[in-house]
Amino acid sequence: MIPEDTDILVTHGPPYEILDEVFAVDGSSYRDHGMMPRYVGCVDLAARIKEVKPDLHIFGHIHSGHGQKHVNGVSHYNASICDEMYAPSNPITIIEYEKETTKQENNGNKNEPQPE
């Protein structure tokens, strides 16, 4: 279960259709061979991320999906450093994050008007 107030989500694998495409043995996309792309991410995870909308989602597992993608206000990062042969060939991922706070969050009482 992913809590509703999650800002940064770290999972082992990716959500469905986000940096989760696997490729043919020769490294080409299945689309290049007239086939449908092969996505192997988690459908349930993708649905929950749409509900929670964390600021960041960091994962790995699908080595060929290394990179970043921004979808519906969520920044997704596939931080895999290894290729499909487990050789460290992808660059490391460095993410700088600063949460924006509102006056309501700083005071802790969301129902009362906040002083300017």
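Each reported figure results from applying straightforward, stated rules to the coordinates on display, with no laboratory input. Note that the structure is predicted; figures quoted are calculated from it, not measured. Cβ: placed from backbone, ideal geometry, glycine included. Neighbour counts: every protein chain shown.
So for 82, 42, fewest C-beta neighbours within 10 Å to most, what's the order?
On the way: 82 13, 42 19.
So the residues, fewest neighbours to most, are 82, 42.
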Answer label for Rg/Rh (Cα atoms, Kirkwood Rh) (calculated), chosen among (1) 0.98; (2) 1.00; (3) 1.11: (3)
Among 99, 53, 69, residue whose mean-square fluctuation peaks in a GNM of the chain (springs only between Cα atoms under 10 Å): 99
Inter-label distance for residue 28 and residue 8, nm, one decimal - labels placed 7 Å from Cα along Cα-to-Cβ: 4.1 nm
